[in-house]
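Novice: Just passing along the structure, written as structure tokens.
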There are 2 protein chains.
Amino acid sequence: MEPTDRKRPTIYDVAREAGVATSTVSRALTNPGRVNARTRDRVVEVAQQLGYRTNPLAQALPSGRTRTVALLVSDVTNPHFFGIIRGAEQQTRAAGCTLILADTEESPDLEAAHIERLSGSVDGFVIAASRMSDQQIGELTDRHRLTLISRQVTGVPSAIVDHEDGTRQIIEHLASLGHRSVVYAAGPRRSWLAAKRWHAIRAVTRKLGLSATRLGPFPPAVRGGAAAADAALGQGATAVIAHNDLLAIGMLRRFTDREVHVPRDISVVGYDDIFGADFCSPPLTTLAGQFDEAGRLAIDLLLGTRDGTRPPQADNQVVLPSHLVVRGSTGRAPS
Amino acid sequence: MEPTDRKRPTIYDVAREAGVATSTVSRALTNPGRVNARTRDRVVEVAQQLGYRTNPLAQALPSGRTRTVALLVSDVTNPHFFGIIRGAEQQTRAAGCTLILADTEESPDLEAAHIERLSGSVDGFVIAASRMSDQQIGELTDRHRLTLISRQVTGVPSAIVDHEDGTRQIIEHLASLGHRSVVYAAGPRRSWLAAKRWHAIRAVTRKLGLSATRLGPFPPAVRGGAAAADAALGQGATAVIAHNDLLAIGMLRRFTDREVHVPRDISVVGYDDIFGADFCSPPLTTLAGQFDEAGRLAIDLLLGTRDGTRPPQADNQVVLPSHLVVRGSTGRAPS
DNA sequence: CAAAGTTTGGCAACCGCTTGCAGTCGATTT
DNA sequence: AAATCGACTGCAAGCGGTTGCCAAACTTTG
């Protein structure tokens, strides 16, 4: 006894029962203005009573609209993406659509493969922290609806959390604590964010007369922290900005193991304010942003369902504000 | 200039180009044995060179197989589900299928609604930590393919992490540290796991001659920790077992705020060994299980793609082993 | 009251792929 | 050499909706 769906009623059943043509049923259900109110009511009632549910596949085939969108993230287990996933999920649901989740494992090829595979079964893609090149993304945009999170490419809609102003906040915070130089523990070579963050760090430090050094790249995960921490100590750093909170937390652990005291001996700052940043030891000073909002926005941009309350940005590239959350991992520079 | 997919080649294009009927193309591509090797090679070659990609929707419509499965989790932002999501994602991909992710927000109604909505666009459902009643689940099984994670219902395939043996490990650990009584900070009333865990705690404590008290229910999230911690202190507990790590971490924070020292004054144990359990303060003693494996297994069970290496369990209810990870949050009972 | 203009609703052709059925043709059996 | 048999492959009918086009019915207008 295979547990298969029983025969579900189709528009044919509804049409027969209501004494109209299938086209009328179809219109009554999807294009209410096109059919007489009385007929429509009857159709709707019959449909209701038969327990009719429109078959999304059959609907998608001729219309081409699948009411489904795909979200590609570079690592589903990275807490950074939780907010994004949740926001995207909520907004997708709110739009009456369905979310497909795919893990790209930090690989541009896998990103492309997923898009290729899903093309045709989704109306569009949201890519978070894409590892593809600007050119690749540009080419994809010609053939698919596409929006980006934490990445900007000319001509492609996107939602990012402000990294320039955020980095300024970080550096000023460190400068005010007396730090004269900072070390950046960089993320993956492919990472657009890593490049941007380093760029911003350089710009701000220069303006404030601090010096900046880049180390890495390191894998943006807790396991990358040990090497990053050791490298930072090797530099004699007093303050280190990690590419993200995972890396920062990994560094904190390494410092603890090596009996380097944070923040007395060295200050640590992360990006993203992920789950755990507030209860690691010491709690992490980090740049927070509304990533769930970024997820929601990316879906809105993709589906064209943005509410009018938000002023339209040029080129549909939305920049969300960020703010520094100061916790225990930063302190006065050692003298 | 709408960025829409260009006209993709169809089997008609391939058929014309290869000089065969569409049915032959279809068979050559999906049912290789049914067609002559030479013809097949030519079809495949033409398809390849035209860049033909089968349209999954059109394929699913007549066949009924969507090659898509849905994963329902009660809270996408709960790190506990990361492993499950990742495992399910991997295995789905390995089977050449696509994963749809839905958040049920701890609501049985939303679970049912999602299933209703997705029915027809997926081949089956995996429900993690379902909040539905046994009866509801039983009824759904009649109409849909369905497997469960962290939940057992007679006649429904499932993958769970051993809670009975795991709970025994927890209690024995506490007993060996001199604790004579334990408090269980319970999860949601609807949670099957919460009931099972309490049941196991009772059974084991009784056998070892300890006493056990249940408090709660508490929301299984960090924010539930404060109330749980206060309640535990009110009981004069020396050891508390939290429903899950989130709750445990929330309790740890509350104890810190109230200057109750863990583990000197009170020991805390969690379940799941989530991200963060190893770097909270103090690091959390918790019951670990292979949840990614549970995710993979649930997909295998659903799709019938289980490799033969694992001996078949009765009723397809797989129980994965669990093991206690002892960290800093448990210690000798105060005298 | 006829002519012209609106609605309504039915017909039928797809959307791209699967599959039961039947016809073709060379090979094997008797 | 005729009959039988398989292996292939093509035909065509769906799968469950959508939608352009057209005719019928109903309104409005002169």
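Novice: What FRET efficiency would be calculated for the residue pair B:Glu105, A:His323, taking the C-beta separation as r and a Förster radius of 25 Å, to the nearest 0.05?
Specialist: It comes to 0.35.
Novice: While we're on this one: Any idea what the dipole of region B:127-280 comes to, in debye rounded to 20, about its Cα centre with Lys/Arg Cβ at +1 and Asp/Glu Cβ at -1?
Specialist: For region B:127-280, the charge dipole is close to 420 debye.
Novice: Here's another thing I want to ask about it. Enumerate the amide H contacts of B:Leu71 below 5 Å, restricted to partners 5 or more residues apart or on another chain; note that Pro and chain-start residues carry no placed amide H.
Specialist: Counting only residues 5 or more places away or on other chains, the set is B:Ile100, B:Leu101, B:Ala102, B:Val126.
Novice: Could you give me D for region A:11-54, from Stokes-Einstein at 10 °C and 1.306 mPa s, where the hydrodynamic radius is the Kirkwood radius over C-alpha pairs? Units µm² s⁻¹, please.
Specialist: Diffusion coefficient, whole number: 162 µm²/s.
Novice: Next up: Only Cα pairs within less than 10 Å get springs; with that Gaussian network setup on chain A, which residue of A:Pro188, A:Pro282, A:Pro62 has the largest fluctuation?
Specialist: Ranking A:Pro188, A:Pro282, A:Pro62 by mean-square fluctuation puts A:Pro62 first.
Novice: Under a Cβ-only charge scheme (Lys and Arg +1, Asp and Glu -1), can you give me the dipole magnitude of region A:11-54 about the Cα centre, in debye to the nearest 20?
Specialist: Charge dipole of region A:11-54: 160 debye, to the nearest 20.
Novice: Given a Förster distance of 22 angstrom, what is the FRET efficiency for B:Arg53 paired with B:Asn31, based on the Cβ-Cβ distance and rounded to 0.05?
Specialist: Calculated transfer efficiency: 0.80.
Novice: Name the trypsin sites (Lys or Arg not before Pro) in region A:1-105 that are in a loop by DSSP and that have at most 15 other C-beta atoms within 10 Å, would you?
Specialist: Those that pass, being in a loop and sparsely packed, are A:Arg6, A:Lys7, A:Arg53, A:Arg65.
Novice: Mind telling me which of B:Asn31, B:Asn316, B:Asn78 comes out most flexible in a GNM of chain B, alpha-carbon contacts under 10 Å?
Specialist: Greatest mean-square fluctuation among the candidates belongs to B:Asn31.
Novice: Does region B:149-304 come out rounded, prolate or oblate by the C-alpha gyration tensor, with a ≥ b ≥ c the root eigenvalues, rounded set by a/c under 1.5 and, if not, prolate when a/b is larger than b/c and oblate if not? The partial results should precede the final answer.
Specialist: Details: a/c = 1.93, a/b = 1.55, b/c = 1.25.
Prolate shape, in that a/c is at least 1.5 and a/b is the bigger ratio.
Novice: Considering only the other residues whose Cβ falls under 14 Å of the Cβ of B:Val69, what net charge follows from Lys and Arg at +1 and Asp and Glu at -1?
Specialist: Numbers: positive: B:Arg65, B:Arg67, B:Arg93, B:Arg145, B:Arg296; negative: B:Glu89, B:Asp123, B:Asp300.
Result for the neighbourhood of B:Val69: +2.
Novice: Based on the alpha-carbon gyration tensor of region B:90-206 and its eigenvalue square roots a ≥ b ≥ c, which shape applies: rounded if a/c is under 1.5, prolate if not and a/b is larger than b/c, or oblate?
Specialist: prolate
Novice: Counting only DSSP beta bridges with both residues in the protein assembly as shown, tell me the antiparallel percent, nearest 5.
Specialist: Percent antiparallel among DSSP bridges in the protein assembly as shown is about 10.
Novice: Then there's this: In region A:177-219, which trypsin sites (Lys or Arg not before Pro) are in a loop and have at most 12 other Cβ atoms within 10 Å, using DSSP for the loop call?
Specialist: Values: sites: A:Arg180, A:Arg189, A:Arg190, A:Lys196, A:Arg197, A:Arg202, A:Arg206, A:Lys207, A:Arg214; in loops: A:Arg180, A:Arg189, A:Arg190.
Loop-located and lightly packed - A:Arg189.
Novice: State, in angstrom, two size descriptors of region A:1-120 derived from its alpha carbons: Rg to one decimal place and Dmax to the nearest whole number.
Specialist: 19.5, 56
Novice: As a test, work out the antiparallel percent of DSSP beta bridges whose residues both lie in region A:214-335, rounded to the nearest 5. Intermediate values should be presented prior to the final figure.
Specialist: Numbers: 4 of 11 bridges.
Around 35 percent antiparallel, to the nearest 5.
Novice: Right, here's the next one. Among DSSP beta bridges lying fully in chain A, give the percent that are antiparallel, nearest 5.
Specialist: Just about 10 percent of them are antiparallel.
Novice: Also: Give the lysines whose C-alpha is closer than 26 Å to that of A:Lys207, dropping any in the same chain fewer than 8 places away, or say none.
Specialist: The qualifying lysines are A:Lys196.
Novice: Sticking with this one: Under 15 Å from the Cβ of A:Ser176, count the other residues' Cβ atoms, weight Lys and Arg +1, Asp and Glu -1, and hand me the total.
Specialist: In short, +3.
Novice: Let me ask something else. May I ask you to list the trypsin sites (Lys or Arg not before Pro) in region B:241-297 that are in a DSSP loop and have at most 14 other Cβ atoms within 10 Å of their Cβ? Walk me through the numbers before you get to the answer.
Specialist: On the way: sites: B:Arg253, B:Arg254, B:Arg258, B:Arg264, B:Arg296; in loops: B:Arg258, B:Arg264.
Taking region B:241-297 and a limit of 14 other Cβ atoms within 10 Å, the loop trypsin sites (Lys or Arg not before Pro) found are B:Arg258, B:Arg264.
Novice: If you don't mind, there's one more thing I want to ask. Rg and Dmax of region B:71-147, using alpha carbons, in Å: what are they?
Specialist: Just the Cα atoms of region B:71-147 yield Rg and Dmax of 12.0, 32 Å.
Novice: Efficiency by 1/(1 + (r/R0)^6): what FRET value for B:Ser335 and A:Glu259, r their Cβ-Cβ distance, R0 = 45 Å, to the nearest 0.05?
Specialist: Approximately 0.90, to the nearest 0.05.
Novice: Using the Kirkwood radius over C-alpha pairs as Rh, can you work out the diffusion coefficient of the protein assembly as shown via Stokes-Einstein at 10 °C, viscosity 1.306 mPa s, in µm² per second?
Specialist: 58 µm²/s
Novice: Nothing charged except the Cβ atoms of Lys and Arg (+1) and of Asp and Glu (-1): what's the magnitude of the dipole of the protein assembly as shown about its Cα centre? Round to the nearest 20 debye.
Specialist: For the protein assembly as shown, the charge dipole is close to 540 debye.
Novice: Per-residue ellipticity at 222 nm for chain B, helices alone: DSSP H runs ≥ 4 residues times -39500 (n - 2.57), over residue total, nearest 500 deg cm²/dmol?
Specialist: Rounded to the nearest 500, the figure is -13000 deg cm²/dmol.
Novice: On the principal axes of its Cα set, how long, how wide and how thick is chain B? Give whole Å, largest value first.
Specialist: 88, 50, 32
Quick note: the coordinates plus some simple rules give every number you see, no bench work behind them. Keep in mind that this is a model prediction, so the values were computed, not measured. Counting neighbours? That spans all protein chains shown, and the Cβs are built from the backbone with ideal geometry, glycine included.
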